[in-house]
Amino acid sequence: MVTCKGHDSRILGFQSCTTLIVNKKYMTTLQKQSCMFVGIDVHKDTHTAVGISPYGEKLFEITVGNYNADFKKLTEKVEETKGILSPFVGLEDIRGYGERLSEYLYQKYPVYHVPSILVDRQRQNATHPEKSDSLDALGVAKVMIQSIDTLLPYTISQESKKAKQLKEISIDREDLVLERTRLKNQVHTLLYRIHNTEYAKMYKDPFSLKALRFWRNAKPKCDPFLLKTMRRKVRRLLDIHVEVTDLEKDMKTLLDAGGYTIQTASGCGMVLASTIIGEIGDINRFTSPGALSKYAGCSPRERSSGKKVRHVKSRSGNRRLNCAFHRMALSQISRMGNGLAKTYFKRKISEGKSKSQALVCLRRQMVNIIWMMLKHKTIYRNA
């Protein structure tokens with residue numbers, strides 16, 4: 001029998017769950033018969049857990065708080081109920097409100113992230129769709145029975161910790177950029193009301209640091225309350241510039257310290273690299289580029305009937321990661337893009353694909369490249 005380090009006690013009768021993932025095998029019906037599936041609906045103050053047998057029979061239900069002492073009550077309940085079954089735990093949210101619980105349970109059981117969309121489908125397919133914490137937790141457990149082979153395991157490793165830091169910085173930067181865009185639109189209107197069209201002639205870029213400092217200190221003759229509003233928004237724009245600069249310095253520090261190389265790839269700068277690494281986490285969770293592509297929603301979905309075979313764009317998967325790969329693919333075929341990518345893109349069009357379909361194919365190739373670079377820490381070489 002082969003077991004995986006750190007999970008020696010999680011045996012499924014024949015193999016541990018983590019061994020199945022490493023060896024790219026699926027859990028058989030016989031192996032599922034020796035499992036207990038625990039679904040948890042997480043909230044800010046409380047978590048509701050429901051345990052079911054492999055046949056869907058409800059074994060227990062418990063609601064606990066969000067502290068370690070409460071988590072111990074949950075594990076005691078699992079141990080009391082499991083008998084000869086091996087517990088597998090699933091949570092909808094493993095990063096937000098469920099992060100501390102995930103870390104605690106990971107020390108004892110295999111923990112999985114269950115996408116919310118799968119739980120929603122489970123609820124909608126019910127005879128009488130209802131919603132409660134108990135039903136949501138039950139839905140998570142039922143999804144695990146049906147889809148445990150396709151769910152991603154929760155991991156705690158050095159790679160995942162670095163990725164988590166990059167993700168938090170990346171999201172903070174995205175929020176600041178969105179705020180900056182909103183403020184620029186508002187300041188545009190205020191500048192026009194105060195200076196008319198003359199403000200556009202004063203500076204080529206009215207939002208450069210030099211221009212912003214001028215608007216902050218200018219004293220035009222206008223409504224004092226209007227001027228005060230404009231100055232307040234300009235000061236916030238200057239603050240955002242400092243904050244974004246600091247976050248980008250932190251990004252570079254983390255990327256260099258982690259030994260990441262994907263920022264050397266064509267069309268993948270420091271910001272995109274941080275987003276991609278942050279969403280992927282530990283690359284060892286994905287046994288192949290295909291697994292990563294499916295997680296990112298970059299694999300076309302088949303829609304066939306009879307003799308008609310066709311594939312359509314996937315609307316599922318991690319949307320932030322999908323967007324990052326899409327932006328990377330677009331930069332490849334831009335005027336300053338990659339010659340090889342442009343050749344590939346044109347070849348797909350010559351084969352009869354539309355531009356949108358060709359871009360999907362190129363995006364899939366980007367997934368292959370990123371997976372290889374993260375897996376082997378290689379530097380991108382444009383052959």
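Going by the conditions given, is Ile62 on the phi < 0 side of the Ramachandran plot and at pLDDT 90 or above?
The answer is yes for Ile62.
So which strands (runs of 3 or more DSSP E) stay within the stretch 26-107 end to end and still have 1 or more residues that are surrounded by fewer than 20 Cβ atoms within 10 Å (Cβ to Cβ) and assigned by TED's automatic domain parsing to the domain that holds Asp149?
46-52, 58-65, 86-91
For the stretch 38-54, which residues satisfy the criterion of being farther than 16 Å from Pro115 by Cα, more than 22 Å from the chain's Cα centre (by Cα) and not small (Gly, Ala, Ser)?
Asp45, Thr46, His47, Thr48, Val50, Ile52, Pro54
So which of Thr245, Thr189, Thr229, Thr197 ends up being of a type in the set (Val, Ile, Thr) and within 25 Å of Met328 (Cβ to Cβ)?
From the options Thr245, Thr189, Thr229, Thr197, the qualifying one is Thr245.
In the stretch 7-59, how many are at pLDDT 90 or above and under 15 Å from Val111 (Cβ atoms)?
11
Report every pair of residues separated by at least 6 positions or lying on different chains whose Cβ atoms are under 7 Å apart, first residue within the stretch 251-272 and among the charged types (D, E, K, R), second in a helix (DSSP H, G or I).
The qualifying pairs are Lys252/Met270.
Kindly list the number of the only condition in (1) touching a residue at least 24 places away in the same chain (Cβ under 8 Å); (2) out of contact with any Phe, Trp or Tyr (no Cβ under 9 Å at 6 or more places or on another chain); (3) loosely packed, with under 15 Cβ neighbours inside 10 Å that fails for Ser350.
Every listed condition holds for Ser350 apart from (1).
Which residues, taken from the stretch 321-344, are farther than 19 Å from Ala273 by Cβ and of a type in the set (S, T, N, Q)?
Matches in the stretch 321-344: Thr343 only.
The values are calculated or read from the model by the stated rules, or taken from the named source; none is laboratory data. Keep in mind that what you see is a predicted model, and the values were worked out from it rather than measured. For neighbour counting, all protein chains shown are included, and Cβ atoms are generated from backbone atoms with ideal geometry for every residue, glycine included.
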